[in-house]
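For reference, the structure is listed below as structure tokens.
The values are calculated or read from the model by the stated rules, or taken from the named source; none is laboratory data. All values reported here derive from a predicted model rather than from experimental measurement. Every residue, glycine among them, receives a Cβ derived from its backbone with ideal geometry; neighbour counts consider all protein chains shown. Accessible surface areas use protein heavy atoms only, side chains included; no ligands, DNA or RNA. Shrake-Rupley method; radii C 1.70, N 1.55, O 1.52, S 1.80 Å.
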Amino acid sequence: QVHLVESGGGLVQPGGSLRLSCAVSGSVVSMNTMRWYRQAPGKERDLVAVITSSGGTVYADSVKGRFTISRDNAQNTVYLQMNSLKPEDTAVYYCNMFQVVGGIDFWGKGTLVTVSS
């Protein structure tokens, strides 16, 4: 049974930093494509960052140069380091895993990031 659990969200002032974690059980992050999405109230859920099984990364233009996605295979955990945060980064951030075996998506329940002074 696959479970994804996000953590690390909270309140931060503009210009600050947060590090989100996505702990995965029931599958191996290094063998799958991992993604971070975010959704602000009243808006669509948007892709933020991707890391593939080979280690390649892709970022949305809105976060490029500020956010970094990474993984710790020993901890079976994916991270999103967020720097130079802006109020428009405020959203619920969701961890997603595309599992190669079965070709299906799994989702965490999200963690709220609020950027405000």
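Entry remark, the stretch 40-59: residues being within 13 Å of Asn96 (Cα to Cα) and not aliphatic (A, V, I, L, M) number 3 in total.
Looking at the stretch 1-106, the strands (runs of 3 or more DSSP E) lying wholly inside it that each contain 2 or more residues that are small (Gly, Ala, Ser), more than 23 Å from Ser117 (Cα to Cα) and open to solvent by 40 Å² or more (accessible area, probe 1.4 Å) sit at 18-25. Of Ser17, Ser62, Ser21, all but one fail to be in contact with a Gly (Cβ under 6 Å, 6 or more places away or on another chain), farther than 13 Å from Phe98 by Cβ, at pLDDT 95 or above and polar (S, T, N, Q); the exception is Ser21.
Please tell me if Val92 is hydrophobic (A, V, I, L, M, F, W, C) and over 15 Å from Leu4 (Cα atoms). No, not satisfied. So, Val115, is that one touching a helix residue (DSSP H, G or I) at 6+ places or on another chain (Cβ under 7 Å), within 16 Å of Leu4 (Cα to Cα) and at pLDDT 95 or above or not? No, not satisfied.
Looking across the stretch 59-75, just one residue is free of Cβ contacts under 8 Å to residues at least 12 places away in the same chain and in contact with a strand residue (DSSP E or B) (Cβ under 6 Å, 6 or more places away or on another chain), and that is Tyr59.
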